[in-house]
Amino acid sequence: MKPSSTPAPARRLASALSIPTISHADRTREPHPEAFPRFEQFLADSFPLVFSGSSCESPGAPGLLFRLPGRSETLAPIILAAHYDVVPAGAADDWRLPPFSGQIHDDCIWGRGALDDKASLLAIMEAVESLLAEGFQPERDLYLAFGGDEEVTGTRGAARIAALLQQRGIQAAAVIDEGTAVVHDTIGMVRRPVALIGTAEKGYLDVQLSCRASDGHASMPQRRTAAGRLARALRRLERRPFPARLRPVVAGFLRQLAPAAPALLRPLLRFPRLFWPLLRPVLAANPKTDAMIRTTQAPTMLSGSAAPNVLPAEVSAVINLRLLPGDSIAGVLRRLQRVVRDPAISITPLLPEGSSEPVPESPVDGWVYRGLQDSVTAAFPDAVIAPYLVTATTDSKHYRAVADAIYRFLPLPMGPAELAMIHGVDERIAITDYLRMIGFYRDLIQRLTGNSPGEEA
Ligand SMILES: [Zn+2]
């Protein structure tokens, strides 16, 4: 596509991708701290009607909150959330096009953040800007909540935005954030694309197991070393995974797939509780589906001695846990103690501020969910729509106190290739997909904040 024929929204997204808003857990180590105010200024320059038609605040550091006032003051608002920070691009040489060059090539817009999550943020802005240009005024308040540190827990961005809303006593009808997409060639038993609406989210916890060693020389070690004890603890954990449970969100997911699945599988999927003894081993056999039915525990960082001939004073391992709704951080810690059953091994949460409790299921029978379903069908007519348990974490977890209904959805078709681009190399979005995304948000905003829905549950 020649630059002259490239639609303006695609060029704006390309510009947004050229601003390297890379997050770092330690803010003083962000490689381009100036990129965040530059990105905010870019939004102001690109979307003048959103800025003039709404109040804009910066409660986050970084993080933006827009409020478009609705006609009615009594209706509960809708919050659309997204984030403008990105993860580092890795080795730029591995990319076919430089990750922050903001190029349009092969009918795609390239760059880190093209899928996660600047496309969503810019598409929401494009949708609101174009609606305002047409004279649209929402019936209920519409908030746009954009975090600037989602990739490093969201505590400075979304958490502060949510705290401000809570302080003002705002209770929203729903929060709609990034999340799962319209996947194809990903769910084995269904050929049709499946629009996965994240209605629940797993919790997050890093735990450190450590064991202090008694003194000694590597040439004269004791029979039982600290490394051996730690290894035994890890093996005990691996032998006793957390129990498998069928949560309502997963039961709902399986039921929705039933009509599109091969005839033989349909009864199992339609009645997942009844057939749980049959389904459980099948789901457990694949790590992707196993993660949907239990709290997972993955040993990640191991450390011991720094030299081959020195006994370590302490050995440690980090276990990354993703908590199934219904579990809690306190309960998980108790179980780890029980399974490890070794007083020499201390078990402590690592960076408690980065951990999060699981977010239980949001309703799938309310007017917001129905509106979301209608917008999905309008944009993706052949997709099966199913609720989904998001196994990653999103900014939306911070909004629990301001909304009972939280949905995580990215209106984008994604196959295995696109899923690999998220936090991977050659991240890009097809221009046609991006334009459809804008159309989706236009439709959704009108459905959820327009004249139609009442306050029925
Ligand atoms: Zn994201």
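The values are calculated or read from the model by the stated rules, or taken from the named source; none is laboratory data. Everything numeric here is computed off the predicted structure, so don't read it as measured data. Methodologically, a virtual Cβ is constructed for each residue, glycine included, from the backbone with ideal geometry; neighbour enumeration extends over all protein chains shown. Surface accessibility is based on the protein's heavy atoms, side chains included, excluding ligands, DNA and RNA. Shrake-Rupley method; radii C 1.70, N 1.55, O 1.52, S 1.80 Å.
I'm checking my understanding of the structure. Among residues of region 126-142 that are open to solvent by 10 Å² or more (accessible area, probe 1.4 Å) and under 12 Å from Thr449 (Cα atoms), which one is nearest to the ligand (Cβ to nearest atom)?
That would be Asp141.
Report, by residue number, each residue of region 63-98 that is within 16 Å of the ligand (Cβ to nearest atom), in contact with a helix residue (DSSP H, G or I) (Cβ under 7 Å, 6 or more places away or on another chain) and open to solvent by 10 Å² or more (accessible area, probe 1.4 Å).
Within region 63-98, just Val87 meets the criteria.
Among the residues of region 325-356, count how many are in a helix (DSSP H, G or I) and either surrounded by 15 or more Cβ atoms within 10 Å (Cβ to Cβ) or not basic (Lys, Arg) (or both).
Result for region 325-356: 13.
Just one of (1) loosely packed, with under 15 Cβ neighbours inside 10 Å; (2) modelled with pLDDT of 95 or more trips up Ala291, so point out which.
For Ala291, the exception is condition (1).
Working only within region 1-36, note down all residues that are small (Gly, Ala, Ser), closer than 20 Å to Leu131 by Cα and either surrounded by 17 or more Cβ atoms within 10 Å (Cβ to Cβ) or not assigned by TED's automatic domain parsing to the domain that holds Gly135 (or both).
Of everything in region 1-36, just one residue is small (Gly, Ala, Ser), closer than 20 Å to Leu131 by Cα and either surrounded by 17 or more Cβ atoms within 10 Å (Cβ to Cβ) or not assigned by TED's automatic domain parsing to the domain that holds Gly135 (or both), namely Ala10.
List the pairs whose first member sits in region 222-236 and is surrounded by fewer than 17 Cβ atoms within 10 Å (Cβ to Cβ), whose second member is of a type outside the set (A, V, I, L, M, F, W, C) and not in a helix (DSSP H, G or I), and whose Cβ atoms are under 7 Å apart, counting only residues at least 6 apart or on separate chains?
Gln222/Ser214; Gln222/Gly216
Name the single residue, out of those in region 388-401 being more than 16 Å from the ligand (Cβ to nearest atom) and surrounded by fewer than 24 Cβ atoms within 10 Å (Cβ to Cβ), that is nearest to Thr153 (Cα to Cα).
Arg400
For Val425, work out the one condition from (1) of a type in the set (Val, Ile, Thr); (2) assigned by TED's automatic domain parsing to the domain that holds Gly102; (3) in contact with a strand residue (DSSP E or B) (Cβ under 8 Å, 6 or more places away or on another chain) it doesn't fulfil.
The one condition Val425 does not meet is (3).
Checking the conditions here, which among Ala145, Ala119, Ala114 is at pLDDT 95 or above and either touching a Lys or Arg at 6+ places or on another chain (Cβ under 7 Å) or more than 14 Å from the ligand (Cβ to nearest atom) (or both)?
Ala114
Across region 128-157, which residue is farthest from the chain's Cα centre (by Cα) among those that are under 18 Å from Pro69 (Cβ atoms) and in a helix (DSSP H, G or I)?
Ala133
Give just the number: which of (1) of a type in the set (A, V, I, L, M, F, W, C); (2) open to solvent by less than 40 Å² (accessible area, probe 1.4 Å); (3) more than 16 Å from the ligand (Cβ to nearest atom) does Leu196 not satisfy?
It fails just one condition, (3).
Here are Val339, Val376, Val384, Val315: which of them is touching a helix residue (DSSP H, G or I) at 6+ places or on another chain (Cβ under 6 Å), assigned by TED's automatic domain parsing to the domain that holds Val175 and among the aliphatic types (A, V, I, L, M)?
Val384
What's the number of the only condition in (1) open to solvent by 50 Å² or more (accessible area, probe 1.4 Å); (2) in contact with a Gly (Cβ under 9 Å, 6 or more places away or on another chain); (3) within 26 Å of Gln171 (Cα to Cα) that Arg428 fails to meet?
The single condition Arg428 does not satisfy is (3).
Of all strands (runs of 3 or more DSSP E) completely enclosed by region 160-244, which ones contain at least 2 residues that are of a type in the set (Asp, Glu)?
Ranges flagged: 174-183.
Go through Phe47, Phe39, Phe51 for me and flag whichever is among the aromatic types (Phe, Trp, Tyr) and open to solvent by 30 Å² or more (accessible area, probe 1.4 Å).
So the residue among Phe47, Phe39, Phe51 that is among the aromatic types (Phe, Trp, Tyr) and open to solvent by 30 Å² or more (accessible area, probe 1.4 Å) is Phe51.
Step by step: first the residues of region 402-422, then only those that are within 13 Å of the ligand (Cβ to nearest atom) and under 17 Å from Leu121 (Cα atoms), then the one that is most open to solvent (accessible area, probe 1.4 Å). Which residue is that?
Within region 402-422, the match that is most open to solvent (accessible area, probe 1.4 Å) is Ile422.
Only residues that are in contact with a helix residue (DSSP H, G or I) (Cβ under 7 Å, 6 or more places away or on another chain) and under 22 Å from Arg156 (Cβ atoms): list them for region 40-57, please.
Of everything in region 40-57, those that are in contact with a helix residue (DSSP H, G or I) (Cβ under 7 Å, 6 or more places away or on another chain) and under 22 Å from Arg156 (Cβ atoms) turn out to be Phe42, Leu43, Ala44.
Taking region 69-111 on its own, how many of its residues are among the polar types (S, T, N, Q) and either within 24 Å of Leu410 (Cβ to Cβ) or assigned to a strand (DSSP E or B) (or both)?
Of the residues in that region, 2 qualify.
Across region 365-381, what is the number of residues that are open to solvent by 20 Å² or more (accessible area, probe 1.4 Å), closer than 12 Å to Val194 by Cα and among the hydrophobic types (A, V, I, L, M, F, W, C)?
So the count comes out to 0.
Going by what's in this entry, would Leu351 be described as at positive phi and at pLDDT below 95?
yes
Only residues in region 28-55 that are in contact (Cβ under 8 Å) with a residue 40 or more places away in the chain count as the first member; pair them with residues that are open to solvent by 40 Å² or more (accessible area, probe 1.4 Å) and assigned to a loop (DSSP other than H, G, I, E, B), Cβ under 9 angstrom, at least 6 apart or cross-chain, and list the lot.
Matching pairs, first to second residue: Pro31/His24; Pro31/Pro88; Gly53/Pro69; Gly53/Gln137; Ser54/Pro69.
Conditions: (1) part of a loop (DSSP other than H, G, I, E, B); (2) away from the ligand (no atom under 16 Å from the Cβ). Phe42 meets all but one. Number of the miss?
All conditions are met except number (1).
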